[in-house]
Amino acid sequence: MNATAAVAAAVVPAAGRGERLGPGAPKALRDLGGVPLLVHAVRALIRSRAVGLVVVAAPADGVAEVAALLDGHGLEGKDIRVVAGGETRQESVRLGLAAIPPEVGIVLVHDAARPLVPVEVVDAVAAAVRAGAEAVVPAVPLADTVKRVEPTRGGPEPVLDTPDRSTLRAVQTPQGFRRETLDEVHAKALTEEAGGALPPVTDDAGLVERFGGRVVVVPGHEEAFKVTRPLDLVLAEAVLARRRASDGY
């Protein structure tokens, strides 16, 4: 892999509304410590020397707004591009991927709703792809016992079994990929979507698995959690306050 190909680009799908945080602005634009989640997430990526370009897939009617927002928080001068995202996360990633120059050989995909991912996690994911992995996810062990159930509409749900917790991981982002691998699985998914309904996948590593690729795990970090519900935002505020008090984050 040549020097240009070894520098990663990152795609941040940020076109969704994130209704679980309640009514208001799209989730990526909600404030955390006075700064939108999206700005925190982009800053986390560009702190890594492994990342040379960040592409943000914004709401289709908000591209100019998001570009101005990033510039207004001191990110002007960085190689950050804002493109129109799609109706689904998968479509937004595909549109962001199309904006990355073809010579870039490593692509990371990061959730805008994971604003506090430490730079060492970004570095570790990119390094694992550079070392030869085709798809890499950061993940942490589960603290809770997990039950597999038979879903029901209302009422108690029957337990089917209890998986061995030692074999389970909670997956985070950024996830990292060889560029050709990510291009290929998104092209295949688009073709299959045109031919009929597909079972949903919730991350890009799931697409790699669906089409027979190999995904490996590197250690994640407890502070790379996803801000999905109001309580997550409270926890993120506490983590951010601690960081600011200790290192001027």
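The values are calculated or read from the model by the stated rules, or taken from the named source; none is laboratory data. Predicted model only: the values in this text are computed from it and were never measured. In this analysis, Cβ positions are derived from the backbone assuming ideal geometry, glycine residues included, and neighbour counts consider all displayed protein chains. Protein only, heavy atoms only, side chains kept; ligands, DNA and RNA dropped before computing areas. Shrake-Rupley method; radii C 1.70, N 1.55, O 1.52, S 1.80 Å.
Answer with yes or no whether L190 is among the hydrophobic types (A, V, I, L, M, F, W, C), farther than 21 Å from V104 by Cβ and open to solvent by 40 Å² or more (accessible area, probe 1.4 Å). Spelling it out, it is not the case that L190 is among the hydrophobic types (A, V, I, L, M, F, W, C), farther than 21 Å from V104 by Cβ and open to solvent by 40 Å² or more (accessible area, probe 1.4 Å). Mind checking whether some residue in the range 52-61 is crowded, with 23+ Cβ neighbours inside 10 Å and either free of Cβ contacts under 8 Å to residues at least 12 places away in the same chain or over 26 Å from E184 (Cβ atoms) (or both)? No, every residue in the range 52-61 fails to be crowded, with 23+ Cβ neighbours inside 10 Å and either free of Cβ contacts under 8 Å to residues at least 12 places away in the same chain or over 26 Å from E184 (Cβ atoms) (or both). Just one of the listed residues (E180, E184) is acidic (D, E), under 21 Å from A128 (Cβ atoms), at pLDDT 95 or above and surrounded by fewer than 13 Cβ atoms within 10 Å (Cβ to Cβ), namely E180. Out of curiosity, is K226 touching a residue at least 12 places away in the same chain (Cβ under 8 Å) and surrounded by fewer than 13 Cβ atoms within 10 Å (Cβ to Cβ)? No: the conditions fail for K226.
Among the residues of the range 88-112, those that are closer than 25 Å to D232 by Cα, touching a residue at least 40 places away in the same chain (Cβ under 8 Å) and open to solvent by 10 Å² or more (accessible area, probe 1.4 Å) comprise R89, Q90, D111.
For the range 35-50, filtering for residues that are closer than 14 Å to G74 by Cα, open to solvent by 10 Å² or more (accessible area, probe 1.4 Å) and touching a strand residue (DSSP E or B) at 6+ places or on another chain (Cβ under 8 Å) leaves 1. Screening P163 on (1) over 30 Å from A8 (Cα atoms); (2) open to solvent by less than 50 Å² (accessible area, probe 1.4 Å); (3) in contact (Cβ under 8 Å) with a residue 24 or more places away in the chain; (4) not β-branched (V, I, T) shows it passes everything except condition (3).
Residues that are open to solvent by 80 Å² or more (accessible area, probe 1.4 Å) and more than 18 Å from L95 (Cα to Cα) do occur in the range 136-143. Within the range 146-156, the residues that satisfy the criterion of being open to solvent by less than 90 Å² (accessible area, probe 1.4 Å) and not small (G, A, S) are V146, V149, T152.
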